[in-house]
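*Asks:* Please read through the structure below; I'll follow up with questions.
The values are calculated or read from the model by the stated rules, or taken from the named source; none is laboratory data. Nothing here was measured: the structure is a model prediction, and the numbers come from that model. In case anyone asks, the SASA skips ligands and DNA or RNA and just uses the protein heavy atoms, side chains included. Shrake-Rupley method; radii C 1.70, N 1.55, O 1.52, S 1.80 Å.
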Amino acid sequence: MHDTAANILLAACAYNGADPKRNHHLLKVHNYCRMIAEGEQLDAHTRFVLEAAAALHDIGIHEAERVHGSTSGAYQQLEGPPIARQLLAPFALPAEDVERICWLIAHHHTYSPIDGIDHQILLEADFLVNAWEEPFSDQQIRHFYTHIAATETGKALLRAHYLPDIT
Ligand SMILES: [Fe+2]
């Protein structure tokens, strides 16, 4: 893994503090992103942006709860980018990378339209984790598999974890 991506993961975990549930979640989503990025042969730069977005995708959750009394996706998407910008500042990334990472954070609950392979993979990775954590129903998983999942690697992971009847 890129050193900077590893350090962004550490910064996200440090921001969350002693919150194993949130930290386990982001580490799992990050790892699925890496697996799918590898399978889909993403270029190194797109992969880095995706990994940073994965580390920070839910970073607005505490602030959403504090300010709005809700962890709903819409509030997380609103509160996440400003916190991400603060956490990313020490890494001195190119401005366009920070913008893309923040855009991905702000759209990680947006299924339509899906804009770009990084967005697609982040949605798939988050769904792979949430399907078990929430959990989602068999019907919800099949709907996502049929209508939202698009990468071969993401679909293979969904089949392997949740849909063994689909070959
Ligand atoms: Fe998430």
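*Asks:* Compute the accessible area per residue over the chain, keeping the other protein chains in place, probe 1.4 Å, unit Å².
*Replies:* 49 Å²
*Asks:* So, taking all protein chains as they sit and a 1.4 Å probe, how much accessible area belongs to H161, in Å² rounded to tens?
*Replies:* Surface open to solvent at H161 totals about 90 Å².
*Asks:* Now for a separate question. Per the 1.4 Å probe, what fraction of the accessible area of the chain, in percent, lies on carbon and sulfur atoms?
*Replies:* Carbon and sulfur: 54 percent of the exposed surface of the chain.
*Asks:* With a cut-off of 8 Å between alpha carbons and a minimum separation of six or more residues, what is the relative contact order of the chain in percent?
*Replies:* The normalised contact order for the chain reaches 24 percent.
*Asks:* Based solely on its DSSP helices, what 222 nm [θ] is calculated for the chain when runs of n ≥ 4 H residues each add -39,500 (n - 2.57) and the sum is averaged over all residues, nearest 500 deg cm²/dmol?
*Replies:* My calculation for the chain gives -23000 deg cm²/dmol from helical runs alone.
*Asks:* Subtract the Cα-Cα distance of K21 and A92 from 0.36 nm times their separation in residues, and report this length gain in nm to one decimal.
*Replies:* The K21-A92 span can extend by a further 22.7 nm.
*Asks:* How compact is the chain by the rule of thumb for globular proteins, expressed as Cα Rg over 2.2 N^0.38 Å?
*Replies:* Rg over 2.2 N^0.38 Å, computed on Cα atoms: 0.99.
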